[in-house]
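For reference, the structure discussed in these notes is given below.
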Amino acid sequence: MLLYNSAAFFADVKPVDFFTGSQWDPESAKGKYSIAPLLVSTGLVTLGAMLIAVPLGIFTAAFLSELAHPKLKNILKPFIEMLAAIPSVAIGFLGIVLVGPGIAKIFGLANGLNALNGAVLLSVMALPTIITISEDAINAVPQSHREASLALVANKWETLFKVTIPAALPGLIAAVMLGLGRALGETMTVLMATGNAAVLPTGFLDSVRTITATIAIEMGEVPFQTTHYFALFAIAVVLFLITLAINLAGEYFVNRLRKFHA
Amino acid sequence: MIKKLKYIVDWILLTGSTVIVCVILGIILGDIFSKGASAISWDFITGLPTDGMTKGGILPAVAGTLVLTLITTLFSVPFGVACAIYLNEYAKPSVFTNIIRASIRNLAGIPSIIYGLFGLALFVQSLRLGTSVLSAGLTLGLLSLPYIITTTEEALKRIPNSMREATLALGATQFETIKDVVLPKALPGILTGVILTMSRAAGETAPILFTGVAFYINDVGTSVNQEFMALPYHLYMLSTQHQAIEQVRPLAYATAGVLILLVFLLNIIAFYIRYKYRTKD
Amino acid sequence: MDKIKLSAHRLNLHFGKKHVLKNIHIDFPNNKVTSLIGPSGCGKSTLLRSFNRMHDLSPDVKIEGDIQLDGNNIYDKKVSVTAMRKRIGMVFQKPNPLPKSIYENLSYALKLHAFPKNEIPGLIEMALKESYLWDEVKDELKKPAVKLSGGQQQRLCIARTVVLRPEVILMDEPCSALDPISSHKIEELIMSLKSNYTIVIVTHNMQQAQRISDKVAFMYLGELVEFDSSENIFKDPQKELTRNYVNGHFG
């Protein structure tokens, strides 16, 4: 059904324009449909989110599995699962009332609804996924590896950074992939927090509009069965293919982790 | 000495990360509840919105979310559990079942807004259900299916084979074995998955945007063919689209508070069932 | 000559590409205890499980030849598997009580086969007495079965089998998960049951086989090497392989 509707779109608009143009402006007289600004926006926000969430998530996972007392771990893990349960719209709300004003103050902007805001929020949403899967990956490293390293007079820290984390690498990559998938597909937080200007952004402080937000904003208002309507299905297919590729990659690494575990 | 300094840096890195994660959660909950608590009251939850939604309660949104979650559950649980039973108990492992399992896992990774588009094209337009709580519930049901199937299959896998052999050896059919022994034993695990799915469905916004949610309805719905209000969408509208945004901010905080309380309540119930079940074994 | 209750003819079983049972011929006499012995992996449990079609649900298993109960092939297409399993009961290596009460473990089996409601309490009491469990549990029949000790659980599983009044009872190393005292009780129980039932038991324990069996079958690498009276197998085996095994030289 998604494919059918997007096929109808490419009957109206040349695929070359769709991928290489630089403007998304369906409302204008000529109707400009280029996915580029949306794709760059999506990429920018997701990249920012990963820059924050990956180190934070992996270090937290390492803390939980290698350093934390079992009792502390039993308290922290449900907390992290709670973080995953918070609805995205509530996180987006905080982007408006909390993160936005904060960014505006720090960088001296009129408002804080921009790519950076979206990246911060998305990192919060990707964190639980990254932490949980990373921790599984680190736990899956056989104790004998660690003991072998400790026996060679490497201490706890060298063991962690030079043996355990490299051994858990496939699992960590899987964690990042699945976190990335979650951030890419997220709608409400970016819709609420990034300002939604459909132009090619030049930096993290520009307002951006992701693929998901575009669908959310415009689908409610377009007449059915128009070029614009079909265009939204077309960008949805692009998003679908990207997330599918990332999830498949994540699954490939999860399977490698499982084999390693067995 | 330098080595020692390096360890301290490492320690700060790891512990610091964990502290930051906890602080983030603390800020989220602290901010919403400190500013929302004063506006949350029984009247707020059970009252109708008044004065262009600048005052009054959120009853239609609460009711809408409950009905929506109910429809989602009614649709996804029977299908999901049946599918999991087929995959785990009846289907012989083959390339075919592996493909089905891989597709189910990938369905779970599809962005929720795409489910929204799909629901619009399928339920609202092709099946002519219109924008309604039924269309929205079915859309969320589709989104929940992979999740229900996965958690149910995990629960079924935890039942040891010796349990199945016990009843089969007594001359029970495979169906009787599943109905009398496997399902009752797997029930807590399945229930945990169902409740977590409900909590997710209650918090989703993107899939219901074009399938039936409405900005303002001054009553509790009476038919599944009507549009409805929902807590997450209400929060979205109050915080971005309302004409008097600053004025309704306390209401937005309170709505966020109610939504998070609802979701946490469901999660705590699920944790409790899981905890009790694990310690019993 | 004893009456033959259960028998296998030209039985071959493949698990995937592996040939697990090779052309087995064996006859089990009525109301006797027959032990299947042999080193691990010789196929004795696999053979036991083919006598009540427990391989039916394993997709990779292929069975040729036939198994006859009172002269009728149980692998015949017309045979009802559930009715056949009522006649041929099975007790497993690890006790596997159902997650129900002691009473319900037995009543469940009876209800499956639609026994009249008013007979159920009497049948249950009889089965528990036959399994030497009645005196220990008669005051707490509502207690969850999993709360019983391992040995009690295994006797409950035997009671659950005999409550259906089967003709044959298959036992797959019923004592291997139990302590010596519980094992001893189960052995006594087996001896008392043989007047009413034909019993086939897989065991690793040579002394146990000697104590309880009338006949013994020795298997090795999927073949039936020797089948004779218990006395002959342990005192005067005809084959070199059997002698080495029963004297503890390998396995």
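Rule-based calculations on the coordinates, nothing more; no lab input. This one's a predicted model, so the numbers in the text were calculated from it and none came from an experiment. Cβ sites come from the backbone with ideal geometry, for glycine too, and all protein chains shown count toward neighbours.
Tell me, which residue of region C:5-40 that is assigned to a loop (DSSP other than H, G, I, E, B) and touching a residue at least 40 places away in the same chain (Cβ under 8 Å) is surrounded by the fewest Cβ atoms within 10 Å (Cβ to Cβ)?
Looking at residues that are assigned to a loop (DSSP other than H, G, I, E, B) and touching a residue at least 40 places away in the same chain (Cβ under 8 Å), I get C:S40.
Among what's in region B:1-52 and is among the hydroxyl-bearing types (S, T, Y), within 27 Å of B:I260 (Cβ to Cβ) and part of a helix (DSSP H, G or I), pick the residue that is farthest from the other protein chains (Cβ to nearest Cβ).
B:T46
Being in a strand (DSSP E or B) and among the aliphatic types (A, V, I, L, M) narrows it down to one residue among C:I169, C:I158, C:I181; which is it?
Exactly one residue qualifies, and that residue is C:I169.
Limited to region B:167-217, what total is found for residues that are acidic (D, E), within 28 Å of B:G137 (Cβ to Cβ) and either more than 14 Å from chain A (Cβ to nearest Cβ) or surrounded by fewer than 24 Cβ atoms within 10 Å (Cβ to Cβ) (or both)?
Counting residues in region B:167-217 that are acidic (D, E), within 28 Å of B:G137 (Cβ to Cβ) and either more than 14 Å from chain A (Cβ to nearest Cβ) or surrounded by fewer than 24 Cβ atoms within 10 Å (Cβ to Cβ) (or both) gives 0.
Given the condition more than 18 Å from B:L259 (Cβ to Cβ) and touching a Pro at 6+ places or on another chain (Cβ under 6 Å), answer yes or no: does some residue in region B:187-207 qualify?
Within region B:187-207, none of the residues are more than 18 Å from B:L259 (Cβ to Cβ) and touching a Pro at 6+ places or on another chain (Cβ under 6 Å).
Out of all the residues in region A:48-64, is one or more away from every other protein chain (no Cβ under 14 Å) and either farther than 16 Å from A:L205 by Cα or touching a strand residue (DSSP E or B) at 6+ places or on another chain (Cβ under 8 Å) (or both)?
Yes, the conditions are met somewhere in region A:48-64.
Residues in region C:71-84: is at least one facing chain B (nearest Cβ under 8 Å) and under 13 Å from the mean Cα position of the chain (by Cα)?
Checked region C:71-84: no residue is facing chain B (nearest Cβ under 8 Å) and under 13 Å from the mean Cα position of the chain (by Cα).
Is there a residue in region B:84-100 that is free of Cβ contacts under 8 Å to residues at least 40 places away in the same chain and facing chain A (nearest Cβ under 7 Å)?
No, region B:84-100 has no match at all.
How about region C:44-63: which of its residues are touching an Asp or Glu at 6+ places or on another chain (Cβ under 8 Å) and either assigned to a loop (DSSP other than H, G, I, E, B) or aliphatic (A, V, I, L, M) (or both)?
C:L48, C:M54
Could you count how many residues in region A:64-93 are in contact with a Lys or Arg (Cβ under 9 Å, 6 or more places away or on another chain) and not acidic (D, E)?
5
Yes or no: A:A61 in contact with a helix residue (DSSP H, G or I) (Cβ under 8 Å, 6 or more places away or on another chain), buried (at least 22 other Cβ atoms within 10 Å of the Cβ) and over 19 Å from A:T210 (Cα atoms)?
For A:A61, the condition - in contact with a helix residue (DSSP H, G or I) (Cβ under 8 Å, 6 or more places away or on another chain), buried (at least 22 other Cβ atoms within 10 Å of the Cβ) and over 19 Å from A:T210 (Cα atoms) - is met.
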